[in-house]
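Below you'll find the structure, written out as structure tokens, and then a few comments.
The values are calculated or read from the model by the stated rules, or taken from the named source; none is laboratory data. Everything numeric in this text was worked out from a predicted model, so none of it was measured. Note that each Cβ is placed from the backbone with ideal geometry, even for glycine, and that neighbours are counted across all protein chains shown.
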């Protein structure tokens, strides 16, 4: 992933800009393995940190300028319609950055909605003295910013901005509360106080000293007939894959429906075999996807590369991991993620197609069963449960599945009777926030905020589309992309996510809920679209391998007792953030039952929070500038 930084003096001495920009840029130098360049125009300074993932050579290094003293552009650009954009603007194509500048010259702010793909960039228009910062539709590319009385700074990561000003970097307490609950609802907070992130599909306009946020895009659906949808989805996904294949491209292949679809479509397009990297589990055959991986490789034009998955190592070298992420780690699978990324980099791969998001974008469709139960459509519910149980092999069978749904959605007297019979457990509505210090939970209004975020999500869509929309695009969506961005940047590779293509998302969202679980098959639209493309052994596989046992095995291999020590006195650095009694009880619970995955996941987050807070307390560096307090 490339990177960028922008510093603009709102007032005060612009002579400070070069040193400020240099400090912010240097703090994320790993994003520029193929070059770093800077430009200054009056009270604005920009840098570009270049990863040449598309084989452009020196011409891909910015910042770019339309003409002498014209609009200035920098950013992390992975757009997929640069040629079309330039053509529509009536200009010759001279690269994607030039296409954006040409489009802006033609349409102004309206040009942004015409850009397809993934991008984060800033435009400085000296004629109007206006700075425009833009983030792509789903937040694949990160944008962080900081506004001080005299200065605004923007960067591809929040941590360089946290060191600006007269105070050392400080944690954001409300962000920590979210982190401990594993429920992200704020699209603007970062781990650092005073540093915000630009939400997906938004732009920031800085003009005459004022800062304005504007949403430039919102989720949209394409409602196609059941007959037309499979072919349309197949073609949209094919375009999404092939338009993201620039430079030397590899695929991540797990053997599942999502990664298999991406790899097969890439292989159909490529002139030579596509390198496809797969993790194998020789010591844990229940997780090895070999039969499906081999079935895909046999379809041709795929160069299979196997890596024996690392077991353990979850607590190894936390300092290096914090050097890469600069905040508490989000992903449990970081060990194997780093293993894959390192091997890709060692093999000289720069662009990597990842099937992440297939579940969310296509939609499992199981919520349709909840809808039938909630609406009292008992006959239709039983038929749907029977079809799903037959396809998936669910051990509960249609009767057990239906009873569980009724335990949550039946009329209250029946619901209570089912729970008393042990058919359905009453969900614990408080456990998700038990680790958060009570005072912090109250100050951050975490319960009210999450309720508001759930209620207001995608209110512009018809009600029947909102649940699916909330699954595929929410505050946590950007969190995941930001995690992947940090992990990939550390190894010098570019991840691309074809499922999060605008056209693919619109078609998937527009399908009726019943179509998403047609014939009891989860993700039925993708299965139908891939007919004749994927081998049926993969296309119609009813199961989905659960890699949690490997992750948990890695966490249980804790020779230094990082998690069990929380059963004693709570570390001082966690005071005010973590509820001590809840932490001690959770550690005791894990000691009694080492297979308790919920306890292990929550303690894992506490561990990384502790490591990060200790690092912050030991690091007092600032990048002070001479401005107003």
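Quick notes
- Positions within the stretch 601-629 being modelled with pLDDT of 85 or more and closer than 24 Å to residue 152 by Cβ, in sequence order: 616
- Restricting 90, 55, 108 to residues that are in a helix (DSSP H, G or I), at positive phi, in the same structural domain as residue 145 (by TED's automatic domain parsing) and surrounded by fewer than 16 Cβ atoms within 10 Å (Cβ to Cβ) narrows the list to 108.
- Taking the criterion of being in contact with a strand residue (DSSP E or B) (Cβ under 9 Å, 6 or more places away or on another chain) and under 13 Å from residue 207 (Cβ atoms), the residues of the stretch 114-143 that qualify are 123, 124, 125, 126, 128, 129, 130, 131, 132, 133.
- Sole exception among (1) out of contact with any strand residue (DSSP E or B) (no Cβ under 6 Å at 6 or more places or on another chain); (2) closer than 25 Å to residue 348 by Cα for residue 99, by number: (2)
- Test set (1) modelled with pLDDT of 95 or more; (2) crowded, with 19+ Cβ neighbours inside 10 Å; (3) more than 19 Å from residue 360 (Cβ to Cβ) - residue 240 fails condition number: (3)
- Count of residues meeting criterion [surrounded by 13 or more Cβ atoms within 10 Å (Cβ to Cβ) and part of a loop (DSSP other than H, G, I, E, B)] in the stretch 207-227: 10
- One residue stands out among those in the stretch 532-574 that are out of contact with any helix residue (DSSP H, G or I) (no Cβ under 7 Å at 6 or more places or on another chain) and at pLDDT 85 or above: the one that is nearest to residue 391 (Cα to Cα), which is 536.
- Any hit, the stretch 254-269, residues being modelled with pLDDT under 95, more than 23 Å from residue 473 (Cα to Cα) and touching a strand residue (DSSP E or B) at 6+ places or on another chain (Cβ under 8 Å): yes
- Hey, residue 230 more than 24 Å from the chain's Cα centre (by Cα) and surrounded by 15 or more Cβ atoms within 10 Å (Cβ to Cβ) or not: yes
- Where helices (runs of 4 or more DSSP H) sit wholly within the stretch 378-433, those with at least 1 residues that are modelled with pLDDT of 75 or more and surrounded by fewer than 16 Cβ atoms within 10 Å (Cβ to Cβ) occupy 378-392, 397-409.
For (1) touching a strand residue (DSSP E or B) at 6+ places or on another chain (Cβ under 8 Å); (2) closer than 21 Å to residue 313 by Cα; (3) surrounded by 19 or more Cβ atoms within 10 Å (Cβ to Cβ), each residue gets a yes or a no:
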{"position": "573", "(1), (2), (3)": "no, no, no"}
{"position": "576", "(1), (2), (3)": "no, no, no"}
{"position": "579", "(1), (2), (3)": "yes, no, yes"}
{"position": "589", "(1), (2), (3)": "no, no, no"}
{"position": "595", "(1), (2), (3)": "no, yes, no"}
{"position": "601", "(1), (2), (3)": "no, yes, no"}
{"position": "605", "(1), (2), (3)": "no, yes, yes"}
{"position": "610", "(1), (2), (3)": "no, yes, yes"}
{"position": "615", "(1), (2), (3)": "no, yes, no"}
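- Output for the stretch 19-50, where each listed residue is touching a strand residue (DSSP E or B) at 6+ places or on another chain (Cβ under 6 Å), within 28 Å of residue 495 (Cβ to Cβ) and not in a helix (DSSP H, G or I): 28, 32, 36, 37, 38, 39, 46, 47, 48, 49
- Considering residues of the stretch 273-284 that are farther than 14 Å from residue 262 by Cβ and under 29 Å from the mean Cα position of the chain (by Cα) only, the residue surrounded by the most Cβ atoms within 10 Å (Cβ to Cβ): 279
- Contact map, the stretch 338-366: first residue assigned by TED's automatic domain parsing to the domain that holds residue 246 and on the phi > 0 side of the Ramachandran plot, second residue modelled with pLDDT of 95 or more and outside any loop (DSSP other than H, G, I, E, B), Cβ cut-off under 6 Å, separation 6 or more or different chains; pairs are 357/499; 357/500.
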